[in-house]
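Engineer: Structure below; questions to follow.
Every read-out reported here was derived from the displayed coordinates using simple, explicitly stated rules and does not represent laboratory data. Predicted, not measured: the structure shown is a model, and the values here were computed from it. Here the Cβ positions follow ideal geometry from the backbone for every residue, glycine too, while neighbour counts run over all protein chains shown.
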Amino acid sequence: MSVHRRLDDIRQSLGREIRTYRLIMEDPRCPRRAKVLLGLALAYLAMPFDLIPDFIPIVGHLDDAIIVPGLVWMALRAIPAVVVEDCRRLAAGSSPRNDECPAPSKGTGQDRS
């Protein structure tokens, strides 16, 4: 497999996972704690600065590689498996396994759970 093909697969996989996390955050079956943890992970990735500056050798670059996956891991442990599976299917473009899975709402974005 060529390097270009492998990088393209990684890019597609990463995009699919980000879509999955966005769908999870919109799903009313997702616990509030998990929504907060996923929101923190996505916000940390989008921050223009790091909590630990990158010019500090080794630790500066490791914070991104440890904090974000750690937050995602903690969030996914708090979410029912069926919710994650349904949202992964939706993100991949197929229908959810569970017919009762609500479609993501286009409302105000406020969480009432």
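Engineer: Apply the Karplus curve 6.51 cos²θ - 1.76 cosθ + 1.60, θ = phi - 60°, to the phi angles in segment 17-30 and return the couplings in whole Hz, x for Gly and Pro.
Structural biologist: 5, 5, 4, 4, 5, 5, 5, 4, 5, 8, 6, x, 7, 7
Engineer: Net charge around residue 45, counting only other residues with Cβ within less than 13 Å of its Cβ (Lys, Arg = +1; Asp, Glu = -1)?
Structural biologist: Around residue 45, the surrounding residues sum to -3.
Engineer: Something else: Classify segment 3-92 as rounded, prolate or oblate, taking a ≥ b ≥ c as the square roots of the eigenvalues of its Cα gyration tensor: rounded when a/c is under 1.5, otherwise prolate if a/b is larger than b/c and oblate if not.
Structural biologist: It is oblate, given that a/c is not under 1.5 and a/b is not larger than b/c.
Engineer: Could you order peptides 21-29, 63-71 by the average number of other Cβ atoms within 10 Å of their residues, highest first?
Structural biologist: Packing proxy ranking, top to bottom: 21-29, 63-71.
Engineer: Among residues other than residue 80 whose Cβ falls under 11 Å from its Cβ, what is the net charge (Lys/Arg +1, Asp/Glu -1)?
Structural biologist: Within the 11 Å Cβ shell, the charges total -1.
Engineer: 7 Å from Cα along Cα→Cβ at both residue 32 and residue 85: what's the point-to-point distance in nm?
Structural biologist: 2.8 nm
Engineer: Obtain the nm distance between the two label points defined at residue 56 and residue 40 by a simple spin-label model: each point lies 7 Å from its Cα along the Cα-to-C-beta direction.
Structural biologist: Using points 7 Å along Cα→Cβ, the separation is 1.8 nm.
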